[in-house]
Amino acid sequence: MSTYLVTLPVGFDKEPTKDYLSELNSALAGYDPRRKDGELFWTRSADTGTHTIRLVVEADDESSARRQAHKIANAALLDTGHTVLSAQIDDRSIDARPWTA
């Protein structure tokens, strides 16, 4: 198994509030194998308004890392009240790269 940093662009049907993003961050932290409470797992592009989730996952290869991160992000979005209709991950733009801390 290797460690990967995976980025997943997420489009929301409505701009999420700061409180919601804080809840999402807490939900994502629960899935982080490093248990990094307080780390910021999302960013927002000032240019495009796109939110990006960054996750560290352990997987056998990049393809597995992308799939695992997608499942984690979906679970965190569902945990915080979103569905595939209100928050969509852009599957075409998921990126996984080997990562070392």
*Please identify every one of the trypsin sites (Lys or Arg not before Pro) in the chain that sits in a loop by DSSP and has no more than 14 other beta carbons within 10 Å of its own beta carbon.*
Lys14, Arg34, Arg35, Lys36
*For the chain, find the longest principal axis of its Cα atoms and tell me its angle to the long axis of helix 62-79, 0 to 90°, nearest 10.*
30 degrees
*Mean residue ellipticity at 222 nm from the helices of the chain, using -39,500 (n - 2.57) per DSSP H segment of n ≥ 4 over the full residue count, to the nearest 500 deg cm²/dmol?*
-9500 deg cm²/dmol
*Given 20 °C and 1.002 mPa s, how large is the Stokes-Einstein diffusion coefficient of the chain in µm²/s, with Rh as the Kirkwood radius over Cα pairs?*
158 µm²/s
_Accessible carbon and sulfur surface of the chain relative to its total accessible area, %, 1.4 Å_ = 48 percent
*Rank Asn25, Thr7, Thr52 by how far each Cα sits towards the positive end of the charge dipole of segment 1-65 (+1 on Lys, Arg Cβ; -1 on Asp, Glu Cβ) and give me just the farthest.*
Asn25
_Quick check for you: with a 1.4 Å probe and neighbouring chains kept, what is the accessible area per residue of the chain, in Å²?_
61 Å²
*Pulled fully out, how much extra length does the chain show between Arg92 and Ser22, if you take 0.36 nm times their separation in residues and subtract their Cα-Cα distance?*
22.6 nm
*Can you tell me the 0 to 90 degree angle between the C-alpha axis of helix 18-29 and the longest principal axis of the chain, rounded to 10?*
20 degrees
*When only C-alpha pairs under 8 Å and at least 6 residues apart count, what is the relative contact order of the chain, in percent?*
48 percent
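The values are calculated or read from the model by the stated rules, or taken from the named source; none is laboratory data. Since the model is a prediction, treat every value here as computed from it, not as a measurement. Here the Cβ is made from the backbone with ideal geometry for all residues, glycine too, and neighbour counts use every protein chain on show. For the accessible areas, the whole protein counts, side chains as well, though only heavy atoms, and no ligand, DNA or RNA atoms are used. Shrake-Rupley method; radii C 1.70, N 1.55, O 1.52, S 1.80 Å.
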